[in-house]
Amino acid sequence: MNWITNYVRPRINSIFSRRETPENLWKKCDECGTMLFHRELSENLNVCTSCGHHMNITPRDRFNALFDGGVFVEVSVPEPQADPLSFRDQKKYPDRMKAAQRATGEKEAMLVATGEIGRTPIVAAAQDFSFMGGSMGMYVGNAIIAAAEEAVKLRRPLIIFSAAGGARMQEGILSLMQMPRTTVAVQMLKEAKLPYIVVLTHPTTGGVTASYAMLGDVHISEPNALICFAGPRVIEQTIREKLPEGFQRAEYLLDHGMLDRVTPRPQMRDELISITRMLLGLPPAIKGELPPPSDEPAQIEAPDSDGATPEK
Amino acid sequence: MTQYLDFEKPLAEIEGKAEELRALARSNEEMDVADEAAALDQKAHTILEDLYKDLTAWRKCQVARHPDRPHCRDYIETLFEEYTPLAGDRNFADDHAVMGGLSRFRGTPVVVIGHEKGSDTTSRIERNFGMARPEGYRKAIRLMRLADQFGLPVVTLVDTPGAYPGKGAEERGQSEAIARSTQACLQLGVPLISVIIGEGGSGGAVAFATANRVAMLEHSVYSVISPEGCASILWKDAEKMREAAQALRLTAQDLYQLGVADQVISEPLGGAHRDQTGTIEAVGQAISDMLEELSGKSAEDLVKQRREKFLSMGKRGLAA
């Protein structure tokens, strides 16, 4: 820890690494085609600054922006047995897993963490769509159970960010069994009278929607997220007619009574703080970015009242 | 007239010959074909034994979907007395894909719920081929709560290709209805037992089968996705359903090994569709045993047992 390691070396490294990055500096919006500067895009939480289109965001990036000062502690998830069915399609399941792990740098499709949002201690779990379509297998089931158990143990609310194509077929019936298993997790929260908030993100479909994603006390979705049980293509094949514009999108579900709110990602954090604090009977939080919590044990106490505004 | 499955072709030939021979004998009294016909019958029996000895996963799917297989309605009519259907979800409609109501099983009042596929074109359309809409699950939830309130055991009979993938079903919250039904199963303070009698199709099946005891008929299947659906996603070719069925491990035998099924109910030789009475009787015995096993348990114990059973699932695996 000296001047050379802290300042000089990173500077030298950055000069060299800069040469390798030019192609990653710009990202094209999938919706409007605008070229977006990567730093600007990530500062806007992967929401297009031009058209407002919500692109996928990894659980880690989401947590960095969600928790006060970007500080969170990962909750360890019990490791399930790998490849319980010795499943093989065109590839072996373990090979698909390895490829997903290499591509994402993550172990599995869900990240669970504890931390504070607006000085409100919570447990959060986020599903990673970039990891095998976020699919729900034993690990994701274990993650949700671990998250619920942690929330009950610490007496904190649980916020789940869902994103999945559905169940992980490579785990066969055991992936289907995650529907009852995660429903048990939701039951634990209900019995402990702790808030359970689901943030549905694009896409949330299949068995995930038909279990923990639709059992929240409050359902919030990001704009234009596809949320359904059976996907639009399957339905079109069944009923042989074209589906209406916006069918199964967040706004459509809001209209049909399946969601409480549709909220853009940049406003989500404040809204989650506001809702959890009201459900917990706490006074309004101080809005805006907060430094990381101190090392003292987290306390749900009234913050200083100056500048506290509950409304947006 | 028996409907033969494609792999039963050799059997169809022999049984056809035996039938022809007997028809010939009927029109010509002097002919004595008894010995020859008996020999053919014996041969048919051997073929049947051979065919059904080691059915592949895909063949099991075919047997599980056989149109002559006894359906929910057949079980209710035979095994349950005083069946009193209770209709409607008190919200939108009555779903005919789901049968349910009060009944007596061997004298004991129970609530029975099940998917009904229908047995001819008219009834299949009326029953929507056993594919429930949200109203079906909401009716089931209502009946489960009724059972809970009055302390009646619940018996569910599962036989569905899956929940209905339709526009209205999605608009009215198919996923929410399934999730709530699974939740209702987990909350029941009365015994909940489930028999997979044919097809256990994905979430549509789980919504009824999150039970204290799950029994599966020998040639029934239970899967996260249909083999055709899985093949079209993972193999990019729906025709690869044989491979997909194999890989998914959806047979009663595999699910017993995995601890998803608590017991396997033997079917008569050649599958349930060859002996409806025998099959229904075997299922009746299994229901009776399961109810007996759970009788006298407290509401807390039943809820706890169900929960722990599902939480601990997945510890056992299968070798390739």
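The values are calculated or read from the model by the stated rules, or taken from the named source; none is laboratory data. Computed from a prediction, not measured in an experiment: that's the story for all the values here. Backbone-built Cβ (ideal geometry, glycine too); neighbour counts: all protein chains shown. Accessible surface is based on the protein model in full, side chains and every heavy atom, while ligands, DNA and RNA are left aside. Shrake-Rupley method; radii C 1.70, N 1.55, O 1.52, S 1.80 Å.
Quick one: which helices (runs of 4 or more DSSP H) sit completely within the stretch A:170-254 and have at least 1 residues that are surrounded by 24 or more Cβ atoms within 10 Å (Cβ to Cβ) and over 17 Å from the mean Cα position of the chain (by Cα)?
A:172-176, A:178-191
Can you find even one residue in the stretch B:38-51 that is touching a strand residue (DSSP E or B) at 6+ places or on another chain (Cβ under 8 Å), more than 15 Å from B:LEU11 (Cβ to Cβ) and small (Gly, Ala, Ser)?
No, that holds for no residue.
So that you can scan it fast, the table gives a plain yes or no per residue for (1) closer than 24 Å to A:ILE273 by Cα; (2) at pLDDT below 95; (3) buried (at least 16 other Cβ atoms within 10 Å of the Cβ); (4) not aliphatic (A, V, I, L, M):
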site: A:VAL47; (1), (2), (3), (4): yes, no, yes, no
site: A:ARG60; (1), (2), (3), (4): yes, no, yes, yes
site: A:LEU66; (1), (2), (3), (4): yes, no, yes, no
site: A:VAL73; (1), (2), (3), (4): yes, no, no, no
site: A:VAL77; (1), (2), (3), (4): no, no, yes, no
site: A:GLN81; (1), (2), (3), (4): no, yes, no, yes
site: A:PRO84; (1), (2), (3), (4): no, yes, yes, yes
site: A:ASP89; (1), (2), (3), (4): no, yes, yes, yes
site: A:PRO94; (1), (2), (3), (4): no, no, no, yes
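Here are some residues: B:SER298, B:SER232, B:SER312. Which one is under 24 Å from A:GLY141 (Cβ atoms) and more than 8 Å from chain A (Cβ to nearest Cβ)?
B:SER312
Can you report the number of residues in the stretch B:102-125 which are crowded, with 19+ Cβ neighbours inside 10 Å, under 23 Å from B:ALA169 (Cα atoms) and not charged (D, E, K, R)?
Number of matching residues: 4.
Which condition number does B:ARG90 fail, the rest of (1) closer than 19 Å to B:MET144 by Cα; (2) in a helix (DSSP H, G or I); (3) open to solvent by 60 Å² or more (accessible area, probe 1.4 Å) being met?
Condition not satisfied by B:ARG90: (2).
I want to confirm something. Restricting to the stretch B:299-308 and keeping residues that are out of contact with any Gly (no Cβ under 8 Å at 6 or more places or on another chain) and in contact (Cβ under 8 Å) with a residue 24 or more places away in the chain, which single residue is farthest from A:PRO180 (Cα to Cα)? Full working, then the answer.
Filtering the stretch B:299-308 down to residues out of contact with any Gly (no Cβ under 8 Å at 6 or more places or on another chain) leaves B:301, B:304-308.
From what's left, in contact (Cβ under 8 Å) with a residue 24 or more places away in the chain: B:305-307.
Details: B:GLN305: 13, B:ARG306: 10, B:ARG307: 9 Å.
My answer is B:GLN305.
Filter the stretch B:156-192 down to residues that are under 13 Å from the mean Cα position of the chain (by Cα) and aliphatic (A, V, I, L, M), then give me how many there are.
Number of matching residues: 2.
Looking at (1) surrounded by fewer than 24 Cβ atoms within 10 Å (Cβ to Cβ); (2) closer than 26 Å to B:MET131 by Cβ, which one does B:LEU311 not meet, given that it meets all the others?
(2)
Please find, among A:GLY172, A:GLY133, A:GLY118, the residue that is in contact (Cβ under 8 Å) with a residue 60 or more places away in the chain, among the small types (Gly, Ala, Ser) and either within 12 Å of chain B (Cβ to nearest Cβ) or in contact with a Gly (Cβ under 6 Å, 6 or more places away or on another chain) (or both).
Answer to the selection: A:GLY172.
Can you name every residue in the stretch B:258-272 that is within 14 Å of another protein chain (Cβ to nearest Cβ) and surrounded by 20 or more Cβ atoms within 10 Å (Cβ to Cβ)?
B:LEU258, B:VAL260, B:ALA261
Among (1) out of contact with any strand residue (DSSP E or B) (no Cβ under 7 Å at 6 or more places or on another chain); (2) of a type in the set (A, V, I, L, M, F, W, C); (3) farther than 30 Å from B:GLU15 by Cβ; (4) more than 9 Å from chain A (Cβ to nearest Cβ), where does B:LEU291 come up short?
Tallying (1) out of contact with any strand residue (DSSP E or B) (no Cβ under 7 Å at 6 or more places or on another chain); (2) of a type in the set (A, V, I, L, M, F, W, C); (3) farther than 30 Å from B:GLU15 by Cβ; (4) more than 9 Å from chain A (Cβ to nearest Cβ), B:LEU291 fails exactly one: (1).
Only one of (1) open to solvent by 80 Å² or more (accessible area, probe 1.4 Å); (2) closer than 15 Å to B:HIS273 by Cα; (3) in contact with a helix residue (DSSP H, G or I) (Cβ under 8 Å, 6 or more places away or on another chain) is not met by B:ASP74, so which one is it?
Condition not satisfied by B:ASP74: (1).
Within the group B:ARG145, B:ARG133, B:ARG172, which residue is within 8 Å of another protein chain (Cβ to nearest Cβ) and open to solvent by 10 Å² or more (accessible area, probe 1.4 Å)?
B:ARG172
Which residues, counting only those in the stretch B:175-190, are surrounded by fewer than 23 Cβ atoms within 10 Å (Cβ to Cβ) and more than 7 Å from chain A (Cβ to nearest Cβ)?
Correct list: B:ARG180, B:GLN187, B:LEU188, B:GLY189, B:VAL190.
Assess whether B:GLU199 counts as being more than 9 Å from chain A (Cβ to nearest Cβ) and open to solvent by 30 Å² or more (accessible area, probe 1.4 Å).
Answer is no for this residue.
Is the stretch A:276-297 home to any residue that is of a type in the set (A, V, I, L, M), touching a residue at least 12 places away in the same chain (Cβ under 8 Å), open to solvent by less than 50 Å² (accessible area, probe 1.4 Å) and within 12 Å of another protein chain (Cβ to nearest Cβ)?
no
Being open to solvent by 10 Å² or more (accessible area, probe 1.4 Å) and either small (Gly, Ala, Ser) or within 8 Å of another protein chain (Cβ to nearest Cβ) (or both) is the filter here; which residues of the stretch A:153-169 pass it?
Across the stretch A:153-169, the qualifying residues are A:GLY165, A:ALA167, A:MET169.
Taking the conditions exactly as written (more than 14 Å from chain B (Cβ to nearest Cβ), within 19 Å of A:ASN142 (Cβ to Cβ), under 17 Å from the mean Cα position of the chain (by Cα) and polar (S, T, N, Q)), does A:THR104 satisfy them or not?
yes
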